[in-house]
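Here's the structure, in structure tokens; my notes come after.
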């Protein structure tokens, strides 16, 4: 510690200077970086927070000014954006975004959307352990808003600094008046989403961040690194990227041709890593133990008969990491030459407006011939081709329609799951998942026809909702289907647009609403005490720890707190040992430390449900969920984070099941007690560093009221109630379940399109205005 001797003549200004020097020395000595109030060289203490850069650190303390309007617009603004707040400079009265300095009690007067004058003042904000500034909490979960955050960065010298940045949603960053970063996107916040550099001057440097919100979560995180720290981070990042590349590396046959997944009878193929040099570089040199199995799960050393075969490859790296991989291969008959085939594939019309439907019908033969070539190439050279040929080899005519559970994907998943349970010795470890229970006594509410009085809505409500939806389609040119029900009574169930191409039975991608469906499937396991929400994954799957800071629980999986990222990574659910692949990445995961929106946690939870039940997750969905609800138009065979295709009606049924707290008709899928466990909760009660609300496949879907804060309405006023659960969707499909109003709102569509936010508000307002209680 620096020792400064004070004498009688030492002034208080000098004391402040020496104190600041001592604090800086201590910070450098401990290698940390924090926001502190520092002393300028002229002896004046800045009023705004100051971040002193040592090596690296989150910038945690800010002055925040907001919330300003961020209304969507129909036509692109001069900067190409479609949100006025992202484009508009709200700080012109204090020098503009390039020159503004925010201090305590800085105020900005502006005119809101209603022509009224508003006066906003700065307020202090601090980040949690994850470095995130949660603007959603600061501004009472407002939507379509803008806020500014300001502080100083204190640099010991002139230098180039590197920043890791994440935001929800769009953002701009200025340093000393220069725009150094801009991102226009609707996205979930992740640390390190973006990186950029900026030159800092010795002393204090102004940093201003503008963050816009569209709907739901809103915030940002920024970390500053000097050159030494950034060099280290880059080296670590390179190792991490190489590991990711390894995790995507397949084991393939060594035949030396394009037929990676087919082979002839007799000797089983030799296999090796697709990129052996990469594997050795990243994981070290280690042998693979290869085992082959036939269609009946018998271990074999030769391929006696044509049909389905699979290998399981295992090995342990020099660092002790256990590797498990598997794949299906097809043994073709000795007299069949796949390359000589010329199949045709008759495709349904693709929903692409640039493809003329009449022309499609006229050119059907040419399309079928070329599509057949694509299918042929897949059969010869892709994993999916081996799955299809194995399936074709096994199916037999029964004279009736095959069950919806018998598809190439489900059959292959069932096969690999049975093989896995055999190898792990867990075939009889858990009791079977029971089907939904029959309710004794009064049945639960189901969707049904009825009158306005039964639905507790005003006469004419259906017409008003219809009118809004007709206007919505006319202005957006995006077709959609809606199903709205109250007390189980269907208020309206109609398709809008596309001249009949879209009907109420049209199956449409539901994107991330799939996560909600996955959560409801999981609820059955929780309800039957087969899985506890906070059970570690390692309790059910090998290669995962059950103690320590790398433990991943099922709650982590469903609340985006595993540390995983992305959707369908590393082969997704089609990777028979996806859980092992994820375990190979554990060193980079920080369970319970960050909220990082992804679909991989859901897939990992799916692998747990599979190994316990002995059914592939797709069979589980069909037999234990969709079929009992007669949801014949719902299909899920790809991924648990995004791949469900369905109709507005089927999803309204799912919504009614939630309203009924787990029951529908004469079936109970899970109890009201289990339903309560699914609801969004503050994750901070489980993970102190995570400051968001999330449930098991469910989030709050509150919609800000257009008159909030006006005419005596509270600032946090919402359309309908605050207790609305559901989930968002990349296609802008909707499922909102209003627990207070006993109301289900479902909508299917292929994309949001223009004026979506405008008409979503009108649509919800038309529903709210029609309620009689």
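Read-outs: derived from the displayed coordinates by stated rules, not from any lab. Bear in mind that the values here come from a model prediction, so they are computed numbers and not experimental data. Heads up, the Cβs are rebuilt from the backbone with ideal geometry, glycines too, and the neighbour counts pull from every protein chain shown.
Once the C-beta distance of residue 281 and residue 453 is scaled by a Förster radius of 60 Å, the resulting FRET efficiency is 0.25 to the nearest 0.05. Helix 756-770 against the longest principal axis of the chain: what's the angle in degrees, Cα atoms only, rounded to the nearest 10? Between the helix axis and the principal axis of the chain, the angle is about 80 degrees.
As a ratio to 2.2 N^0.38 Å, the alpha-carbon radius of gyration computed for the range 482-770 takes the value 1.00. Here the spin labels are modelled as points 7 Å beyond Cα on the Cα-Cβ line, and at residue 305 and residue 199 they lie 7.6 nm apart.
By the count of other C-beta atoms within 10 Å, a proxy for reagent exposure, 765, 521 are ordered fewest to most as 765, 521. For the chain, DSSP calls about 95 percent of its internal beta bridges antiparallel.
Scaled against 2.2 N^0.38 Å for its residue count N, the alpha carbon radius of gyration of the range 418-484 is 2.19.
The smallest convex shape that holds all Cα atoms of the range 529-568, its convex hull, gives 90 Å³ per residue. Based on Cα contacts under 8 Å between residues 6+ apart, the range 482-770 shows a relative contact order of 23 percent. Only helices enter this figure: runs of n ≥ 4 DSSP H residues, each worth -39500 (n - 2.57), summed and divided by the residues of the chain, yield -8000 deg cm²/dmol at 222 nm to the nearest 500. Indicate the gyration tensor shape class of the range 482-527 (rounded, prolate or oblate), computed on the Cα atoms with a ≥ b ≥ c the square roots of the eigenvalues: a/c under 1.5 is rounded; otherwise a/b larger than b/c is prolate and the rest oblate. It comes out oblate by the Cα gyration axes.
For the range 232-394, what proportion of DSSP beta bridges, expressed in % and rounded to the nearest 5, is antiparallel? Rounded to the nearest five, the antiparallel share is 90 percent.
Given in Å, the Rg to one decimal and the Dmax to the nearest whole number for the Cα atoms of the range 582-700 are 16.0, 47. One way to sum up the overall shape of the chain is the equivalent ellipsoid from its Cα gyration tensor, whose semi-axes run 48, 37, 25 Å, largest first.
Taking 14 Å as the cut-off, the amide N atoms of the range 737-770 that come nearer than this to a point 7 Å along the Cα-to-beta-carbon line of residue 351 belong to 747-753. Between rounded, prolate and oblate, where does the range 31-225 land on the alpha carbon gyration tensor, with a ≥ b ≥ c its root eigenvalues, rounded for a/c under 1.5, else prolate if a/b exceeds b/c? Prolate, because a/c is 1.5 or more and a/b exceeds b/c.
Note on the range 671-743: Cα Rg divided by 2.2 N^0.38 Å, N the number of residues, gives 1.26.
Quick one: angle between helix 227-247 and the longest Cα principal axis of the chain, in degrees between 0 and 90, rounded to 10, please. The helix 227-247 is inclined about 10 degrees to the chain.
The simple Förster model, with R0 at 41 Å and r as the Cβ-Cβ distance, assigns residue 632 and residue 773 a FRET efficiency of 0.75.
Order these by the 10 Å Cβ neighbour count, fewest first: 187, 736, 486.
If I rank by nearby Cβ atoms, fewest first, I get 187, 736, 486.
Spin-label model, residue 158 to residue 47: label points 7 Å out along the Cα-to-beta-carbon direction sit 3.1 nm apart. Here the simple spin-label model places points 7 Å from the Cα toward Cβ, and for residue 471 and residue 109 these points are separated by 3.5 nm.
How far is helix 408-424 tilted off the main Cα axis of the chain, in degrees rounded to 10, range 0 to 90? It is inclined by approximately 80 degrees. For the range 234-381, taking Cα atoms only, Rg and Dmax work out to 20.5, 61 Å respectively.
Based on the Cβ-Cβ distance from residue 371 to residue 394, what FRET efficiency comes out when R0 is 22 Å, to the nearest 0.05?
0.35
The ranking of 168, 666 by Cβ neighbour count inside 10 Å, starting from the fewest, reads 666, 168.
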